[in-house]
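Scroll down for the structure; my scribbles are underneath it.
Every read-out reported here was derived from the displayed coordinates using simple, explicitly stated rules and does not represent laboratory data. These figures come from a predicted structure and were not determined experimentally. In this analysis, Cβ positions are derived from the backbone assuming ideal geometry, glycine residues included, and neighbour counts consider all displayed protein chains.
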Amino acid sequence: MLDLLPDLFDQYPEQLSLVQVPFNDYGKNIIFSGEIVTVACFEDNSKVKELLATDGTGKVLVVDGKGSMKRALLGDMIAENAVKNNWQAVVINGCIRDAGTIATLAIAVKALGCNPIKTEKLGVGDINIVVNFAGIDFIPGWTIYGDTNGLAVSEARLTLGEL
């Protein structure tokens with residue numbers, strides 16, 4: 001399957017909400033779905049690192065970095081840990097770094113852009129709260145879907161047989 005969202009919207013137009021901002025694809029995997037886990041942080045990826053070091057089977061980490069383009073909230077080492085811990089994807093309202101390496105990893109990564117500067121580690125951030133960006137509430141426990149067509153969320157998990 002090369003496209004997921006068009007088929008989902010054809011079958012479930014009333015159950016899905018489309019994210020209103022285009023995100024760039026960085027990981028090797030492009031198509032994904034999973035349970036939303038959230039982090040809200042600003043130029044500090046301590047909580048991102050903490051969560052991606054836990055079991056992410058069937059989950060997608062949605063990071064509200066407040067749209068900051070000044071620091072990267074995900075780099076190659078944390079992304080490698082996410083792969084090791086079975087995370088489906090990471091969606092960042094902010095930047096990543098090490099884009100070349102992340103492109104080789106078996107995980108989907110969507111972000112606004114790249115910045116080579118790492119964050120400070122201050123341990124600041126909130127985990128599993130409702131975050132809002134790109135015109136959507138990202139609610140922990142809901143499901144997020146992504147492909148090259150964009151991102152969408154639904155309260156209940158929707159299936160096409162291949163998911």
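Worth a mention:
- Scanning segment 8-27 for residues that are surrounded by fewer than 17 Cβ atoms within 10 Å (Cβ to Cβ) and among the β-branched types (V, I, T) yields one hit, V21.
Yes/no matrix, rows are residues, columns are (1) of a type in the set (K, R); (2) within 28 Å of L16 (Cα to Cα); (3) part of a loop (DSSP other than H, G, I, E, B):
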| site | (1), (2), (3) |
| --- | --- |
| T38 | no, yes, no |
| K49 | yes, no, no |
| G67 | no, yes, yes |
| K70 | yes, no, yes |
| N81 | no, no, no |
| V90 | no, yes, no |
| G94 | no, yes, no |
| G123 | no, no, yes |
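- Some residue of segment 136-152 being surrounded by 14 or more Cβ atoms within 10 Å (Cβ to Cβ), closer than 18 Å to G34 by Cβ and of a type in the set (D, E, K, R): yes
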